[in-house]
Amino acid sequence: MIAAELKPFKEINESLLPFERVLVVGCGTCTTVCLTGGERQVELLATALRLARKVEGSSLQTKEATVQRQCEPEFAGVLKEAAGGLDAALSLGCGAGVQLVSDVLAPLPVLPALNTSNIGVAKEHALWEERCAACGDCVLGGTAGICPVARCAKGILNGPCGGTNDGRCEIGDAPCAWTLIYERLEAQGRLDDFKRIAPPKDFAAATGPRKLDLREVADEP
Ligand code: SF4
Ligand code: SF4
């Protein structure tokens, strides 16, 4: 899923200063699951923003709406009516959600309340770790299902580098991805894959704007 975290409150508050009536929009999918953009977070943030404005000596009116997915027009479309007569919207969706809501509500300004951080997995309760950088040219088949692009600090495709130490990466506080790859390939009896030199990666596949066009498949009977 896509993981995103709340921006600093001061930044959100300041971004809304030019506006008096704001639609605060939650997303019922990824950001709900990662506890930053669901109905409850919308309610809490809207309340905090109104209070902050009051303390500043003025007022902010908020309206709240949470759609199932901000990144799909059939869900985001219902926001048009909700935004009627308002000055701006504040989105608690990921970056894709903010952009689709901006398209749907244009020319209404739509501000982001979250910083989208990664495509990740739930590691334990309320902890998500990045697993994929959406590079568009997946190499997991040769790396035992462990992504060196997202999980190696240097994103190297033929590792490990000289900085690996006792299974830890020299950068940050994470296991060395290439040690993990080695260990899993060994457990799978596939160490020959480890010796194979990966060719230069096609980073053009990660160059935006990208599209996933499945219209022909979708139209098949
Ligand atoms: S190799 Fe690319 S597509 Fe595959 S998991 Fe890693 S970042 Fe994602
Ligand atoms: S120590 Fe491992 S994870 Fe860290 S940069 Fe080097 S190869 Fe990548």
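None of the figures in this text is laboratory data; all of them are computed from the coordinates on show. Computed from a predicted model, the values in this text were never measured in an experiment. Quick reminder, even Gly has a Cβ in these numbers, built from the backbone with ideal geometry, and neighbours come from all protein chains shown.
Here are a few things to note about the model shown:
- Least to most buried among 58, 102, 91 (fewest other Cβ within 10 Å first): 58, 102, 91
- Residues 123, 211, 7, arranged from fewest to most other Cβ atoms within 10 angstrom of their Cβ, appear as 211, 123, 7.
- Each helix, a run of at least 4 DSSP H residues, gives -39500 (n - 2.57); summed and divided by the residues of the chain, these come to -8500 deg cm²/dmol at 222 nm.
- Enclosing the Cα atoms of the chain in their convex hull gives a volume equal to 175 cubic angstrom per residue.
- In this Cβ point-charge picture (+1 for Lys and Arg, -1 for Asp and Glu), segment 79-221 has a dipole of about 320 debye about its Cα centre.
- The residues 55, 110, 139, when put in order of fewest to most other Cβ atoms within 10 Å, stand as 55, 139, 110.
- For the chain, lysine pairs with C-alpha atoms less than 18 angstrom apart, excluding pairs fewer than eight positions apart on the same chain, total 4.
- Shape category assigned to segment 2-117 from the gyration tensor of Cα positions, a/c cut at 1.5: oblate
- Residue 132 long-range amide H proximity, modeled H, under 5 Å: 119
- Between the residues 172, 185, 203, the greatest Cα displacement towards the positive end of the dipole of the chain, with unit charges on the Cβ of Lys, Arg, Asp and Glu, is found for 172.
- Taking amide H positions as modeled 1.01 Å from N, with prolines and chain starts lacking one, the residues under 5 Å from residue 88 and 5 or more places away or on another chain are 21, 23.
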